[in-house]
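The values are calculated or read from the model by the stated rules, or taken from the named source; none is laboratory data. Just so it is clear, the model here is predicted, and its values are computed rather than measured. Ideal geometry is used to build each Cβ from the backbone, glycine not excepted, and the neighbour counts take in all protein chains shown.
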Amino acid sequence: MSEWIRIPLTSNYAAAYAAKDVDVDVVAAYPITPQTPVVERIAEFIANGELQAEMIHVESEHTALSACIGAAATGARVFTATSAQGLELMHELLFIASGLRLPIVMAIAARALSAPLSIWGDYSDVMATRDSSWITMIASTAQEVYDSIIQAYKVAEHSDVLLPAMVAYDGFMMSHTYEPVYVAKDRSIILEFVPKKKPSWNILDPDKPITIGAVGNPDWYYEFKYQQVVAMENSRSVLRQVFEEFSKKFGRWYNFIETYNMDGSDIAILTYGGLYGTAIEAVDIMKKQGLNVGTIKLRVFRPWPEEELLKILKSLKAVIVIDRAISFGAALEGPVAMEVLTSVYKKGLSTALHSYIASIGQRAVMEEDIIAIVKKSLELLEKGVVITEKPVYWGVR
Amino acid sequence: MSLAHKVHYKTVFDIPKEELFAPGHGLCAGCTTGTIVKLLLKAAGLNTIVVNPTGCLEVSTTTFPYTAWRVPYIHVAFENAAAVASGIEAAIKALKAKGVIDPNKRINVVVIAGDGGTADIGFQALSGMLERGHKVMYVMYDNEAYMNTGIQRSGTTPQYAWTTTTPVGKVLKGKLQFKKPVAEIVAAHRVPYVATANPAHFLDMMNKFRRGLEVEGPSFIHVLQPCTTGWRFDPRLGIKIARLATETAMWINWELDHGEFRVTVPVPKRKHVKHYIRLQGRFNHLTDADIEEIQKMVDREVERINKIVGKEVIGPVVE
């Protein structure tokens, strides 16, 4: 590990280090709690000469992503970061960034959406972008934030993909918590992994003039959108390759999903973000109490990792999905639970699915909550509840 | 800073012949936007990246798989042309610093945007770009309403003008409010170069484009763009109306170059505003008394401009 140094970083700082180590050319970002330290740290890197990049101090998140689109369309490697309202203000541009097939990478310190105003962590903001054609990864440690951002560039810039990518992590619980993180001593090892070559996408070049962002009428629009479907599909195999290459090269193993204590367990808790760490602790406690339960982390949300999930789900009696956002009025108001249910139904599995909503607006979820959720589900199973009619709104008063 | 900067275009023969704005686009017959853009690209040349927000120009020139643009062109959204241009300019700077783009290569970043995309929905992005000092020339073609969606009132629609959202009825007679003085608001950002122009005075307009591209930092050129469809006039009259705008002082061609103000097209003898107004259907409802009121407003504006210049650059109405 001599190529790495182990330093204490928050997930926000880990995101900033990743942007520095992939040698981004342009950063356009606007401060918003809890993302702000990302922008501050990048500004420090530039001020110290550790990163040679143009930082655009934009007047809004709408402009942040617009400027990233302009810069990426000129062939630059770009980075931005935001949270909650900022991500919502970018919403229009999310679809344009992916429609123009620009490999922008964005870090998201996931936060609850107003109203009422909440600066605290949940995944309402990330889940609201799910149809925007961005590759979406959710990290659960600061190390994973650093590594995922590096991987995100490699996937996004791949000529079979050319889609933007976001890497999300819990606002506050992760964005402001220090953890030991291995970062590259010298970024050349990172740049070997994600080399900066001539852009494989079409750019604004006076020597080869092209029109970007043309009008797509009914005779063409659909084909453009279908190409995005294909690109998202292609990203599966590219993600797989990138995870493998990263694991081999750097010795840190990654996949679409991660599991803990699944051997011999026929019940699993599925969740995402920092809550996975709490779930692991809860699993250990339950094991000591004689209750053998496993846990699954959803690491890649888009593209939906159906194949990887089904491999685990097919041998399970029940999966307990703890969602951290609400899809108001949906068939099942836990957004990830709904997708799991679709996958389960598509393959005709008999796995029971219990949907829980928790940690909304950063309402605390402790190990004992997870244990209580499992116990509640065991009761439900005894009562013969295969699929919860509605999610269980855990911890709401 | 000396005002005696180079005049690039003295006569029509100084204008490059090369056409970078291709024919076959879908702008209305008689639309003066085509005239402005064609001359803009002649002034800017091949090493130019164009940013164009949503609007008439965008939808008429870029219907896939066709394009009228022989220079690199990008459209992103309606309200963010200045933001996109900021990103392009920053990317060029960064890539030059890293040797990816030849540091000696001069690449112009030019925004061409309508009044809605500039003065209304795009105003925040514009102000941000100006404040940050990006080297971008922003050209606003002002047809004084949302023409692309079908003639709705904008912040730059003049007072009393009919639009589909300021209709003429029994109670109301067109737009109630004044036209937003966009160029002056831009000038308040203290950018190196701000000018107003008019396609009837095309050499003046093109020299302003050249100056705007030359200065270090942001420049803004506010161009009046008579719209046959929205202003309700015969398609052949566009340039005549543009000229009348200057001759009546409904529109004054000026520039503010590093803080020094001058009127670039002096009008020793003014025409009465009725000559401009009576050619346009959007003002059909105005009575002679209403037009006299507009004349008084213009008189006051002329007095103000003359005072700034310190001499009578715009003369009295002589019929």
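Within the group B:Ile291, B:Ile239, which residue is touching a residue at least 24 places away in the same chain (Cβ under 8 Å) and assigned to a helix (DSSP H, G or I)? It would help to see each step written out before you state the result.
Numbers: B:Ile291 fails: touching a residue at least 24 places away in the same chain (Cβ under 8 Å).
Only one candidate passes the filter, namely B:Ile239.
Would you point out the residue of region B:183-216, among those that are assigned to a helix (DSSP H, G or I), in contact with a Ser or Thr (Cβ under 8 Å, 6 or more places away or on another chain) and among the small types (Gly, Ala, Ser), that is nearest to B:Ala43 (Cα to Cα)?
So the residue we want is B:Gly212.
Identify, by number, the condition in (1) among the β-branched types (Val, Ile, Thr); (2) in a helix (DSSP H, G or I); (3) within 13 Å of chain B (Cβ to nearest Cβ) that A:Ile42 doesn't meet.
(3)
Cβ contacts < 7 Å: first residue closer than 17 Å to B:Phe209 by Cβ, restricted to region B:3-18; second residue modelled with pLDDT under 95, any location; separation 6+ or different chain. Result?
These pairs meet every condition: B:Asp14/B:His8.
Does region A:177-219 hold any residues that are loosely packed, with under 14 Cβ neighbours inside 10 Å, under 26 Å from A:Ser66 (Cβ atoms) and not small (Gly, Ala, Ser), and which are they? Steps first, please.
Restricting attention to region A:177-219, the residues satisfying the condition of being loosely packed, with under 14 Cβ neighbours inside 10 Å are A:178, A:180, A:185-186, A:188, A:192, A:195, A:197-198, A:200, A:207-208, A:217-219.
Filter again for under 26 Å from A:Ser66 (Cβ atoms), leaving A:197-198, A:200, A:207-208, A:217.
If the condition is that a residue be loosely packed, with under 14 Cβ neighbours inside 10 Å, under 26 Å from A:Ser66 (Cβ atoms) and not small (Gly, Ala, Ser), then A:Lys197, A:Lys198, A:Asp207, A:Lys208, A:Asn217 are the ones that fit.
Please verify whether region A:61-70 includes one or more residues that are within 20 Å of A:Ala15 (Cα to Cα) and surrounded by fewer than 24 Cβ atoms within 10 Å (Cβ to Cβ).
Scanning region A:61-70 turns up no residue that is within 20 Å of A:Ala15 (Cα to Cα) and surrounded by fewer than 24 Cβ atoms within 10 Å (Cβ to Cβ).
Quickly run through region A:195-210 and pick out the residues that are more than 10 Å from every other protein chain (Cβ to nearest Cβ) and of a type outside the set (D, E, K, R).
Of the residues in region A:195-210, the ones more than 10 Å from every other protein chain (Cβ to nearest Cβ) are A:195, A:197, A:200-201.
Result: A:Pro195, A:Ser200, A:Trp201.
Could you list, in sequence order, all residues of region B:59-87 that are in a helix (DSSP H, G or I), at the interface with another protein chain (Cβ under 7 Å from one of its Cβ atoms) and without any contact (Cβ under 8 Å) to a residue 40 or more places away in the chain?
Applying the first criterion (in a helix (DSSP H, G or I)) to region B:59-87 yields B:59-61, B:81-87.
If we keep only those that are at the interface with another protein chain (Cβ under 7 Å from one of its Cβ atoms) too, we end up with B:59, B:83-87.
Result: B:Val84, B:Gly87.
Only residues that are buried (at least 24 other Cβ atoms within 10 Å of the Cβ) and at positive phi: list them for region B:38-64, please.
B:Gly55
Going through B:Thr118, B:Thr67 one at a time, which residue ends up being touching a strand residue (DSSP E or B) at 6+ places or on another chain (Cβ under 6 Å) and surrounded by 24 or more Cβ atoms within 10 Å (Cβ to Cβ)? Steps first, please.
Working: B:Thr67 fails: surrounded by 24 or more Cβ atoms within 10 Å (Cβ to Cβ).
None of the others qualify; the one that does is B:Thr118.
Condition check: of a type in the set (Lys, Arg), more than 7 Å from chain A (Cβ to nearest Cβ) and touching a strand residue (DSSP E or B) at 6+ places or on another chain (Cβ under 7 Å). Does B:Lys175 satisfy that?
On the way: of a type in the set (Lys, Arg): yes; more than 7 Å from chain A (Cβ to nearest Cβ): yes; touching a strand residue (DSSP E or B) at 6+ places or on another chain (Cβ under 7 Å): yes.
Taking the combined requirement at face value, the residue satisfies it.
Based on this model, can you work out whether A:Asp147 counts as in a helix (DSSP H, G or I), charged (D, E, K, R), more than 22 Å from A:Val26 (Cα to Cα) and touching a residue at least 12 places away in the same chain (Cβ under 8 Å)? Even if it seems obvious, please write down each step before you answer.
Values: in a helix (DSSP H, G or I): yes; charged (D, E, K, R): yes; more than 22 Å from A:Val26 (Cα to Cα): no; touching a residue at least 12 places away in the same chain (Cβ under 8 Å): yes.
When the stated conditions are applied, A:Asp147 does not pass them.
Could you look through region A:71-96, keep only residues that are out of contact with any strand residue (DSSP E or B) (no Cβ under 7 Å at 6 or more places or on another chain), among the aliphatic types (A, V, I, L, M) and more than 15 Å from A:Val58 (Cβ to Cβ), and pick out the one that is nearest to the other protein chains (Cβ to nearest Cβ)?
Quick first cut of region A:71-96, residues out of contact with any strand residue (DSSP E or B) (no Cβ under 7 Å at 6 or more places or on another chain) only: A:74-75, A:77, A:84-86, A:88-89, A:91-96.
Among the residues that remain, those that are also among the aliphatic types (A, V, I, L, M) are: A:84, A:89, A:93-94, A:96.
From what's left, more than 15 Å from A:Val58 (Cβ to Cβ): A:84, A:94, A:96.
Values: A:Ala84: 20, A:Leu94: 11, A:Ile96: 6 Å.
Across region A:71-96, the extreme among qualifying residues is A:Ile96.
Taking the conditions exactly as written (over 30 Å from A:Val27 (Cβ atoms) and either within 22 Å of the chain's Cα centre (by Cα) or more than 10 Å from chain A (Cβ to nearest Cβ) (or both)), does B:Ala113 satisfy them or not?
It is false that B:Ala113 is over 30 Å from A:Val27 (Cβ atoms) and either within 22 Å of the chain's Cα centre (by Cα) or more than 10 Å from chain A (Cβ to nearest Cβ) (or both).
Checking A:Ile203 against (1) under 29 Å from A:Tyr13 (Cα atoms); (2) more than 25 Å from the chain's Cα centre (by Cα), which single condition isn't satisfied?
(1)
Go through region A:238-319 and tell me which strands (runs of 3 or more DSSP E), entirely inside it, have 1 or more residues that are farther than 18 Å from A:Ala337 by Cβ and touching a helix residue (DSSP H, G or I) at 6+ places or on another chain (Cβ under 7 Å). Show your work before the answer.
Details: elements: A:257-260, A:267-271, A:294-298, A:300-302.
Hits in region A:238-319: A:257-260.
Tell me which residues, restricted to region B:88-100, are more than 8 Å from chain A (Cβ to nearest Cβ) and outside any helix (DSSP H, G or I).
Answer for region B:88-100, where residues must be more than 8 Å from chain A (Cβ to nearest Cβ) and outside any helix (DSSP H, G or I): just B:Gly99.
Looking at A:Leu113, A:Leu102, A:Leu94, which is the one that is more than 12 Å from the chain's Cα centre (by Cα) and in a helix (DSSP H, G or I)?
Numbers: A:Leu113 fails: in a helix (DSSP H, G or I); A:Leu102 fails: in a helix (DSSP H, G or I).
Answer to the selection: A:Leu94.
Quick one: would you say B:Gly30 is more than 7 Å from every other protein chain (Cβ to nearest Cβ), of a type outside the set (A, V, I, L, M) and on the phi < 0 side of the Ramachandran plot?
Values: more than 7 Å from every other protein chain (Cβ to nearest Cβ): yes; of a type outside the set (A, V, I, L, M): yes; on the phi < 0 side of the Ramachandran plot: no.
Judged against the criteria, B:Gly30 is not a match.
Output yes when any residue across region B:246-265 is modelled with pLDDT of 95 or more and in a helix (DSSP H, G or I), and no when none is.
Yes, region B:246-265 contains at least one residue that is modelled with pLDDT of 95 or more and in a helix (DSSP H, G or I).
Among the numbered conditions (1) part of a loop (DSSP other than H, G, I, E, B); (2) touching a residue at least 12 places away in the same chain (Cβ under 8 Å), tell me where A:Tyr153 comes up short.
(1)
Are any residues in region A:115-135 of a type in the set (Val, Ile, Thr) and surrounded by fewer than 21 Cβ atoms within 10 Å (Cβ to Cβ), and if so, which ones? Don't jump to the end; show me each part of the working.
Just the residues of region A:115-135 that are of a type in the set (Val, Ile, Thr), to begin with: A:119, A:126, A:129, A:135.
Passing the criteria: only A:Ile119.
Any idea which residue in region B:122-136 is farthest from the other protein chains (Cβ to nearest Cβ), counting only those that are part of a loop (DSSP other than H, G, I, E, B) and in contact with a Ser or Thr (Cβ under 9 Å, 6 or more places away or on another chain)?
Step one: list which residues in region B:122-136 are part of a loop (DSSP other than H, G, I, E, B), which gives B:122, B:133-136.
Keeping just the survivors that are in contact with a Ser or Thr (Cβ under 9 Å, 6 or more places away or on another chain) gives B:134-136.
Working: B:His134: 8, B:Lys135: 12, B:Val136: 10 Å.
For region B:122-136, the residue satisfying everything is B:Lys135.
Give me a count of the residues in region A:211-221 that are assigned to a loop (DSSP other than H, G, I, E, B), more than 7 Å from chain B (Cβ to nearest Cβ) and not charged (D, E, K, R). Break it down stepwise before answering.
Here is the first cut: in region A:211-221, the ones assigned to a loop (DSSP other than H, G, I, E, B) are A:213-214, A:216-220.
Next, only the ones that are more than 7 Å from chain B (Cβ to nearest Cβ) stay: A:218-219.
Cutting the leftovers down to not charged (D, E, K, R) gives us A:218.
Result for region A:211-221: 1.
Output yes when any residue across region A:46-54 is on the phi < 0 side of the Ramachandran plot, small (Gly, Ala, Ser) and either more than 12 Å from every other protein chain (Cβ to nearest Cβ) or touching a strand residue (DSSP E or B) at 6+ places or on another chain (Cβ under 7 Å) (or both), and no when none is.
Step one: list which residues in region A:46-54 are on the phi < 0 side of the Ramachandran plot, which gives A:46-48, A:50-54.
Imposing the further condition that a residue be small (Gly, Ala, Ser) reduces the set to A:47, A:53.
Cutting the leftovers down to either more than 12 Å from every other protein chain (Cβ to nearest Cβ) or touching a strand residue (DSSP E or B) at 6+ places or on another chain (Cβ under 7 Å) (or both) gives us A:47, A:53.
Within region A:46-54, one or more residues are on the phi < 0 side of the Ramachandran plot, small (Gly, Ala, Ser) and either more than 12 Å from every other protein chain (Cβ to nearest Cβ) or touching a strand residue (DSSP E or B) at 6+ places or on another chain (Cβ under 7 Å) (or both).
Per-residue answers, yes or no, for (1) more than 18 Å from the chain's Cα centre (by Cα); (2) crowded, with 20+ Cβ neighbours inside 10 Å:
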| residue | (1), (2) |
| --- | --- |
| B:Thr156 | no, yes |
| B:Thr166 | yes, yes |
| B:Lys179 | no, no |
| B:Ile185 | no, no |
| B:Pro192 | no, yes |
| B:Ala200 | no, yes |
| B:Ala242 | no, yes |
| B:Met250 | no, yes |
